[in-house]
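Nothing in this text is a laboratory measurement; each read-out follows from the coordinates by a stated rule. Nothing here was measured: the structure is a model prediction, and the numbers come from that model. Here Cβ is always computed from backbone atoms with ideal geometry, including for glycine, and neighbour counts include all displayed protein chains.
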Amino acid sequence: KSKRAARQKKVLTGFEAIAFEFRSVPFPTSIVLSHDQLRIYQVLFRLIFFAKHVERQLVNMWSDHQLLRGMTSLRSACSATFSLRRRMLHFIQNYVHYMQFDVVEPGWRALEERLSATRDYMDGRTPSAGADGQFPRTVDDLVHDHNEFLIRISHQCLLPNYDLIDRASKIMTTCLLFSNQIKLFMETTKVHDLHERTRLERSRLRYGERGIGEGRGARAGDAGGEFRADRERRTMKCADRIQDELSTERYRHMITRFDEVFSAHLAEFLRNLNSDFGQKSNAHLTNLFLKLDYNGYCSETLLSEKKQVLQK
């Protein structure tokens with residue numbers, strides 16, 4: 001209870017708190033879109049929007065890491081950072097895909113089919129086959145179908161399950177904090193300035209060669225050789241500076257700590273998903289678990305932990 005109270009008192013900022021709101025819903029639409037139903041839409045939007053924001057930040061981190069591809073001497077030192085980023089991206093992309101395309105999209109399509117069947121019925125045409133003969137014929141039926149749609153997608157997006165949604169929120173917050181720290185690290189390395197300077201010099205050299213007349217090709221070749229040598233020298237200097245930063249105890253501790261926190265939250269999240277694995281009433285949880293556990297590694301880990309507990 002104290003944890004829930006602390007969670008409720010947490011101040012939401014920025015992308016966590018953004019939501020759309022309808023000032024007023026005109027009649028008769030207000031019969032279907034009540035205040036409580038709009039609140040469910042707002043909560044769903046906030047959850048998916050925040051998850052997409054975290055995904056975008058991790059993708060930006062991946063884009064920044066591509067600037068280090070030419071620095072082969074950093075591959076070993078960056079392996080832990082790259083591995084953690086890859087695990088975070090795997091979770092958030094599958095989580096977003098699950099909510100958007102496994103929950104919301106099919107549910108909305110099914111509701112649309114039933115509404116289309118109602119329109120055909122009211123126009124005197126044969127209702128579409130997708131409705132299977134079941135479609136709202138009255139306002140009460142429409143309100144009921146819409147309520148069922150909202151209840152279904154909110155449950156499948158884990159909103160009523162406090163333990164799961166709390167763990168998912170902690171995982172996304174950890175991913176966001178990690179991306180912010182790596183962004184600050186990339187700014188201190190000035191690798192963006194290096195690539196921007198290289199891009200400008202390459203562009204200047206390319207357009208300069210176009211204006212060089214016949215007989216000046218040797219000069220252009222010398223300029224190209226000087227450019228490549230200077231670029232290699234600057235790249236090696238930047239790589240050495242990044243290597244020194246990666247070797248510090250402070251950076252290694254940061255990566256290790258983020259890895260431990262992320263792994264702990266993810267393990268608890270998967271453990272809660274796995275607790276209802278295979279039950280027909282929780283098929284959506286099974287679907288999400290299989291997405292996150294695509295290679296069976298998490299299942300084997302949870303099984304080994306269960307065996308250790310039984311042996312004790």
Place a point 7 Å from Cα of residue 23 in the direction of its Cβ. Which residues in the stretch 40-68 have their backbone N less than 20 Å from it? 42
Which ³J(HN,Hα) values in Hz, rounded to whole numbers, follow from the phi angles of the stretch 257-263 under the Karplus curve 6.51 cos²θ - 1.76 cosθ + 1.60, where θ = phi - 60° and Gly and Pro get x? 5, 4, 5, 5, 5, 4, 5
For residue 80 and residue 183, extending 7 Å from Cα along the Cα-Cβ vector and measuring point to point gives, in nm, a value of 2.4
With r defined as the distance between the Cβ atoms of residue 300 and residue 110 and R0 fixed at 22 Å, what FRET efficiency is calculated, to the nearest 0.05? 0.05
Calculate, for residue 151 and residue 252, the FRET efficiency according to 1/(1 + (r/R0)^6) with r their C-beta to C-beta distance and R0 51 Å; round to the nearest 0.05. 0.60
Once you have the Kirkwood Rh of the stretch 27-72 from its Cα pairs, apply Stokes-Einstein at 20 °C and 1.002 mPa s and quote D in µm²/s. 158
About the Cα centre, and with charges only on the beta carbon of Lys, Arg (+1) and Asp, Glu (-1), how big is the dipole of the stretch 43-89? Nearest 20 debye, please. 100
